[in-house]
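Enquirer: Questions regarding the structure given below will be posed in turn.
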Amino acid sequence: MNVIPQPVRDGFLRLVAPISQGLIRAQISPNVVSTLGAFIVLGAAAAFALGSAHWGGALVLVNGIFDLLDGQVARGGGRTTAFGAFYDSTLDRLGEMALFGGIAWWFVTGGVPAARAPVAMVMAIVAMGTSVLVSYTRARAEGLGYECKVGIAQRAERVLLLGAPTLFFGAGQDGALLFWIIVVLAAATSVTVVQRVAHVARLAAGRNNTMERAAVRRNTLAGHAPAFRKGH
């Protein structure tokens with residue numbers, strides 16, 4: 001399930017395609033694009049930590065564009081590598097941890113009323129952990145040969161949910177808007193992790209059943225019971 005419809009995703013990809021084509025023509029390495037994106041998300045983390053939620057939201061959205069560009073540059077320029085995929089995935093996780101860490105820091109240093117600060121910090125930590133798990137479950141599943149692009153809070157949804165409201169409205173009165181965004185993100189990413197685990201479990205069960213049927217065909221002759229049944 002995609003919260004953002006696929007036609008919208010495809011339209012945005014077409015919108016940024018000229019930028020990626022320019023980077024390809026300029027012979028810019030996709031790893032350079034990934035690195036620049038990492039610096040941008042670290043800037044977003046610093047902005048949130050310092051209470052500049054408008055800047056934090058803007059930088060989150062810019063980082064989302066860079067997150068699209070590095071893949072487009074790698075594929076369009078024929079420069080996909082195993083290390084590039086590893087490097088990009090590592091930087092994505094670093095960015096998630098820094099971003100939510102910066103928000104947690106702001107929560108506990110006066111960003112929200114003192115009575116709400118402990119809950120806000122816990123929610124930020126939960127959102128951090130589950131966001132990293134969302135990325136990990138996809139990467140691990142794909143490493144095992146399964147496609148895993150399911151879930152209500154994929155990366156694009158997380159970027160828009162955090163970036164767009166804070167860009168226009170900041171953190172809200174007494175940090176209430178940012179607090180509730182983090183609560184929603186913590187819940188949505190937790191659900192997404194469960195969805196991806198269930199998805200891979202179904203795929204793995206289907207593969208195991210296929211392998212078992214294939215083993216039965218290989219090991220069973222006409223008129224003979226399978227050799228691996230109990231008692232044989």
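The values are calculated or read from the model by the stated rules, or taken from the named source; none is laboratory data. Fair warning: this is a prediction, and the values are worked out from it, not measured in the lab. Note: ideal-geometry Cβ built from the backbone for every residue, glycine included; neighbour counts use all protein chains shown. Note: areas computed on protein heavy atoms with side chains; ligands, DNA, RNA excluded. Shrake-Rupley method; radii C 1.70, N 1.55, O 1.52, S 1.80 Å.
Enquirer: In nanometres, what is the gap between the two model label sites at residue 35 and residue 168, each 7 Å from Cα along Cα-to-Cβ?
Expert: 3.6
Enquirer: Just reorder 140, 14, 196 by solvent-accessible area, largest first, 1.4 Å probe, all chains present. Can you show the working numbers first?
Expert: Details: 140 115, 14 160, 196 10 Å².
Ranked list, largest accessible area first: 14, 140, 196.
Enquirer: I've got another one for you. Give me the orientation-averaged projected area of the Cα convex hull of the stretch 59-146, in nm², one decimal.
Expert: Working: hull surface 26.7 nm².
Value for the stretch 59-146: 6.7 nm².
Enquirer: Taking a 1.4 Å probe, which of 54, 199 shows the most accessible area, and what order do the others take after it? Walk me through the numbers before you get to the answer.
Expert: Working: 54 95, 199 35 Å².
Correct descending sequence by accessible area is 54, 199.
Enquirer: Let's test the formula: R0 of 41 Å, r as the Cβ-Cβ distance of residue 89 and residue 115. What FRET efficiency results, to the nearest 0.05?
Expert: Working: r = 38 Å, r/R0 = 0.94.
The computed FRET efficiency comes out at 0.60.
Enquirer: Given +1 on the Cβ of Lys and Arg, -1 on the Cβ of Asp and Glu, and no further charges, what dipole in debye does the chain carry about its Cα centre, rounded to the nearest 20?
Expert: Working: 20 positive and 11 negative charges, 233 e Å.
The dipole of the chain has a size of about 1120 debye.
Enquirer: Within a Cβ distance under 15 Å of residue 108, other residues only, what is the Lys/Arg minus Asp/Glu net charge? List each step's numbers first, then the result.
Expert: Numbers: positive: 116; negative: 174.
Cβ neighbours under 15 Å give a net charge of 0.
Enquirer: If I model a spin label at residue 152 and residue 187 as a point 7 Å from the Cα along the Cα→Cβ vector, what separation in nanometres do I get?
Expert: Inter-label distance under the simple model: 0.8 nm.
Enquirer: OK, next. Would you mind getting me the FRET efficiency between residue 142 and residue 4? Use the beta-carbon distance for r and R0 = 22 Å, nearest 0.05. Show your work: numbers first, answer last.
Expert: Working: r = 20 Å, r/R0 = 0.93.
That gives a FRET efficiency of 0.60.
Enquirer: Let me ask something else. What residue among 22, 50, 106 has its Cα farthest toward the positive end of the dipole of the chain, where the charges are +1 on Lys, Arg and -1 on Asp, Glu, each on the Cβ?
Expert: 22
Enquirer: For every helix of n ≥ 4 consecutive DSSP H residues, a contribution of -39,500 (n - 2.57) applies; sum these over the chain, divide by its total residues, and give [θ] at 222 nm rounded to the nearest 500 deg cm²/dmol. Before the final figure, lay out the partial values.
Expert: Details: 7 runs with 175 residues, N = 232.
So the helix-based figure for the chain works out to -26500 deg cm²/dmol.
Enquirer: Among 167, 136, 33, whose Cα lies farthest out toward the positive end of the dipole of the chain, if unit charges sit on the beta carbon of Lys, Arg (+1) and Asp, Glu (-1)?
Expert: It is 136, whose Cα lies furthest towards the positive end.
Enquirer: Between 63, 31, 208, where does the largest GNM mean-square fluctuation fall for the chain, given springs only between Cα atoms within less than 10 Å?
Expert: Of the options given, 208 has the highest mean-square fluctuation.
Enquirer: Let me ask something additional. Here are several values of mean projected area of the Cα convex hull in nm²: [x] 17.2; [y] 12.3; [z] 14.4. Which one was derived from the coordinates shown?
Expert: [x]
Enquirer: Which residue fluctuates the most in the chain, going by a Gaussian network model with Cα springs under 10 Å, if the choices are 84, 51, 143?
Expert: In this elastic network of the chain, the residue with the biggest mean-square fluctuation among 84, 51, 143 is 143.
Enquirer: Then there's this: Dividing the convex hull volume of the Cα atoms of the stretch 92-191 by its residue count, what figure in Å³ per residue is obtained? If you can, show how the numbers build up before the last one.
Expert: Numbers: hull volume 7.9 nm³, N = 100.
Spread over its residues, the Cα hull of the stretch 92-191 gives 79 Å³ apiece.
Enquirer: Mind ranking 162, 13 by accessible surface for me, highest first, 1.4 Å probe? All intermediate terms of the calculation are to be shown ahead of the outcome.
Expert: On the way: 162 5, 13 60 Å².
So, going from the largest accessible area down, we get 13, 162.
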